[in-house]
Amino acid sequence: MSMIAAFYGGKSILITGATGFLGKVLIEKLCRTSPDLKVIYILVRPKAGHTLQQRVSQIINTKLFEKVREVCPNLHEKIRAISADLNQNDFAISKEDMQELLSCTNIIFHCAATVRFDDHLRHAVQLNVTATQQLLFMASQMPKLEAFIHISTAFSNCNLKHIDEVIYPCSVEPKKIIDSMEWWDDAIVDEIAPKLMGDWPNTYTYTKALGEMVVQQESGNLNIAIIRPSIVGATWQEPFPGWVDNLNGPNGMIVAAGRGFLRAIRASPLAVADLIPVDTVINLTLAVGWYTAVHRPKSTLIYHCTSGNLNPCNWGKMGCQVLSTFEKIPFEKAFRRPHADFTANTITVHYWNAVSHRAPAMIYDIYLWLTGRKPRMTKLMNRLLRTISMLEYFINRSWEWSTYNTEMLMSELSPEDQRIFNFDVRQLNWLEYIENYVLGVKKYLLKEDMAGIPEAKQHLRRSFPVYYAP
Ligand SMILES: CCCCCCCCCCCCCCCCCCCCCCCC(=O)SCCNC(=O)CCNC(=O)[C@H](O)C(C)(C)COP(=O)(O)OP(=O)(O)OC[C@H]1O[C@@H](n2cnc3c(N)ncnc32)[C@H](O)[C@@H]1OP(=O)(O)O
Ligand SMILES: NC(=O)C1=CN([C@@H]2O[C@H](COP(=O)(O)OP(=O)(O)OC[C@H]3O[C@@H](n4cnc5c(N)ncnc54)[C@H](OP(=O)(O)O)[C@@H]3O)[C@@H](O)[C@H]2O)C=CC1
């Protein structure tokens, strides 16, 4: 019998960010391995035109939940959506709902965050810092709470090269920043943001570091753990390989390369590509929830969920495998032949941006305009180049994350739990994983049918002149 699966049986679990990438995989795995759990409360913000129930149905009626619908036919009853906006006071939760959450919750998984790199500092502080503080305050009023698991990022200390499983302080106290945000207007925030952020590259990583400090300072008597995943990618094994549903991180780049838009990117081919599959992150998260509640470590433990020190892969190897997968399974309606290069030379990148990105986009737009259609390629290319400029920081450096706590936890698990909640990234075969990843982008993100592969290959042959364009 799995100790972890048994632990979650009969429990009331509160999840924030449940409608996001990690949140969905977390709910799926929880319900599949512990169908006898009592209830999962999910804090969902209302969205125009969708009731809460519709938002839940949209998630659990997808392919991702196909297996779990069989194991847990009453899935709808297990998931209770609570209307909440983490940007509001008391999260705008009704009195009755708040009462129920406070009196029943056993475990909290805090996944909600803004993951945009360019978010305004005020908004990033509100969601990644202030909301975390408020949730901890709520947690402190929950008599049945056994564990509070906070999802951070391995890049919260990306200003350092070697990162241990400890919390590093930021120069300005988060409480001071939270207070200041109340009376600083946007102009002051804009002016002061670069000074506050120092050598953090964006508001996301900076506010996640502040969020960790808040967790440490407000932990009180709670049993808390922090998980720091690196770049979270498609599923490796569960519920099936290759599942992914957003354009974040590498996903958008795979789409752009596969459709022939992306030809060159400033990256160090030998830098470590610290990717980690989303199911690995969730397996570790559930194991940490169990360990924190049952073993109650004396201090807040931090767990790095990274691949670089146990099973490293570099961007060069990854890029080659992505390109070779496109040969076998091309994406539909490609603009050009998929072919891209990583280059470390800034001048070469400027050259390729002009010749291979901007110029073809302009020529294509002129063609669209001449044939009476709306030009759109230049806009799309500009957006792609802007996205690349934000990702460049992460693909031109390597970091070393120590994984003592994560390895310690692995050794605490029974053989059965090591199998069911596998987070041993040493077993990952990168070439196989990347191929399934690209296939998953095609199937689950772009919603392309595998039956269309011959047509996609023919499309590339038909557009012969464009096929070999720079
Ligand atoms: C040797 C051979 C080499 C060959 C190489 C070829 C293969 C290449 C593949 C290999 C991959 C290599 C690169 C990988 C780089 C990975 C780095 C990742 C770093 C992560 C570090 C931290 C990890 C974390 O902790 S958190 C998760 C990461 N967060 C993010 O990734 C968020 C990043 N995104 C943003 O911050 C914003 O989206 C931003 C600023 C990039 C763009 O903002 P903007 O306001 O312009 O757009 P949006 O409102 O977001 O979207 C508008 C619109 O565009 C669509 N869209 C968004 N992103 C993309 C995209 N990347 N590609 C395509 N389309 C995109 C979006 O869906 C919207 O569409 P609508 O239709 O308008 O809704
Ligand atoms: N994806 C990655 O590569 C990595 C992610 N992480 C961390 O993992 C966690 C989850 O990330 P991920 O799943 O990728 O992020 P997503 O952007 O996919 O999901 C974010 C979630 O937060 C919710 N949310 C945002 N704002 C609010 C709000 N005001 N009130 C209520 N809910 C809100 C979103 O709800 P809605 O659906 O309404 O928008 C969504 O459910 C984050 O803490 C992130 O920092 C760490 C490392 C890497």
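What value, in deg cm²/dmol to 500, does the helix sum -39500 (n - 2.57) over DSSP H runs of n ≥ 4 give at 222 nm once divided by the residues of the chain?
Values: 22 runs with 219 residues, N = 470.
Rounded to the nearest 500, the figure is -13500 deg cm²/dmol.
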Could I have the simple spin-label model distance between residue 398 and residue 61, label points 7 Å from Cα toward Cβ, reported in nm to one decimal? 4.8
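First select every other residue whose beta carbon is under 9 angstrom from the beta carbon of residue 336; then total the charges, Lys and Arg +1, Asp and Glu -1.
Values: positive: 259, 263, 337; negative: none.
Result for the local shell: +3.
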Which lysines, if any, have their Cα less than 20 Å from the Cα of residue 298, not counting same-chain residues under 8 positions apart? 144
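Given the alpha-carbon gyration tensor of segment 121-222, what are the semi-axes of its equivalent ellipsoid in whole angstrom, ordered largest first, with each equal to the square root of 5 times an eigenvalue?
Numbers: eigenvalues 114, 65, 18 Å².
Taking √(5λ) for each eigenvalue gives 24, 18, 10 Å, largest first.
Normalised by the empirical 2.2 N^0.38 Å for globular proteins, what value does the Cα Rg of segment 1-96 take? The partial results should precede the final answer.
Working: Rg = 13.6 Å, N = 96, 2.2 N^0.38 = 12.5 Å.
Taking N as the residue count of segment 1-96, the ratio is 1.09.
From the C-alpha coordinates alone, can you work out the Kirkwood hydrodynamic radius of segment 205-352, in Å? Kindly include the intermediate steps, with their values, before the conclusion.
Working: mean 1/r = 0.0558 Å⁻¹.
The Cα-based Kirkwood calculation yields 17.9 Å.
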P(r) tail fraction, segment 274-383 - alpha-carbon pairs more than 18 Å apart, %: 72
Could you tell me which of the pairs 29/78; 11/78; 47/208; 374/443; 328/457 are separated by over 21 angstrom between their Cα atoms in the structure shown? 47/208; 374/443
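List 281, 438 from most exposed to least, where exposure is judged by having the fewest other Cβ atoms within 10 Å. Working shown, then result.
On the way: 281 22, 438 25.
With the sparsest Cβ surroundings first, the list reads 281, 438.
Send over the Kirkwood Rh of the chain, from the inverse of the averaged 1/r over different Cα pairs, rounded to one decimal Å.
Details: mean 1/r = 0.0425 Å⁻¹.
Value: 23.5 Å, from the Cα pair sum.
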Post the alpha-carbon centroid distance, segment 294-312 to segment 218-286, in whole angstrom. 17
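Within the set of other residues whose C-beta is less than 12 Å from the C-beta of residue 324, count the net charge using Lys and Arg as +1 and Asp and Glu as -1.
Details: positive: 317, 328; negative: 327, 435.
Local charge sum for residue 324: 0.
Could you check what % of the DSSP bridge pairs in the chain are antiparallel, to the nearest 5?
Numbers: 2 of 37 bridges.
Of those bridges, close to 5 percent are antiparallel.
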Once you put a point 7 Å from the Cα of residue 412 and another 7 Å from the Cα of residue 160, both along the Cβ direction, what distance in nm separates them? 2.2
A correct fewest-to-most ranking of 148, 21 by other Cβ atoms within 10 Å would be 21, 148
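Read-outs throughout are calculated quantities, based only on the coordinates presented, and are distinct from any laboratory measurement. A quick note: this is a predicted structure, and the numbers were derived from the prediction, not measured. Positions of Cβ are generated from backbone atoms using ideal geometry, with glycine treated the same way; all protein chains shown enter the neighbour counts.
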